[in-house]
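Read through the structure below, which is laid out as structure tokens, and then see the notes.
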Amino acid sequence: MSIGTLVVIWLICGVIASAIGSAKNRSTLGWFLLGALFAPSVLIVAVLPKLPPKPPPGMRSVQCLRCNAVQNIPHAQTTFECWQCKAASNVAGAGYVAGKRGPDGPEDTREWLNRTKKQQDGG
């Protein structure tokens, strides 16, 4: 097998891995490099679960505690009503799916955690 044939096979594996990774909302460049360097990574990316899409700018994705429906809400919003089951939930208790975690502004993370805990406790 010549070097040219190996390079072509590496590139083909890289393109296949990046296409599958892109379809599953994963890093296209990262999976191209991994697929080109390590051919079995094509199989690895094929069996990985699909990631949820990133939320729009200024929003974050949360998961309803009752029905597990995913929805996007503004960063500053502290409560939300589920679009599917209409249950009202506190953002601090909901599961994060994708998007920014932590302080919304230039606030220290410890201050944000303390403020969030006070909101959960009702204070």
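Any read-out appearing in this document is the output of simple, stated calculations on the displayed coordinates, not a laboratory observation. Fair warning: this is a prediction, and the values are worked out from it, not measured in the lab. Because the Cβ atoms are built from the backbone with ideal geometry, glycine has one as well, and the counts that use them run over all protein chains shown.
Numbers at a glance
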read-out: Sorted by Cβ density within 10 Å, fewest first, the residues Val70, Val47, Val7; value: Val47, Val7, Val70
read-out: For Arg60, distant residues with modelled amide H under 5 Å away; value: Ile73, His75
read-out: Cα shape, the range 3-47, gyration tensor, a/c 1.5 rule; value: prolate
read-out: Cα centroid of the range 54-76 to Cα centroid of the range 1-23, whole Å; value: 36 Å
read-out: Which labelled figure in (i) 71, 35, 21; (ii) 41, 35, 31; (iii) 36, 31, 25 is Cα extents along the principal axes in Å, once derived from the coordinates; value: (i)
read-out: Cβ-based exposure ranking for Val62, Val15, in which fewest neighbours within 10 Å come first; value: Val15, Val62
read-out: Residues Thr78, Thr116, sorted so that the one with the fewest Cβ neighbours within 10 Å comes first; value: Thr78, Thr116
read-out: For the chain, calculated [θ]222 nm from helices alone, where every DSSP H run of n ≥ 4 adds -39500 (n - 2.57); value: -13000 deg cm²/dmol
read-out: Where Cα atoms sit under 27 Å apart: lysine pairs in the chain separated by 8 or more or lying on different chains; value: 13
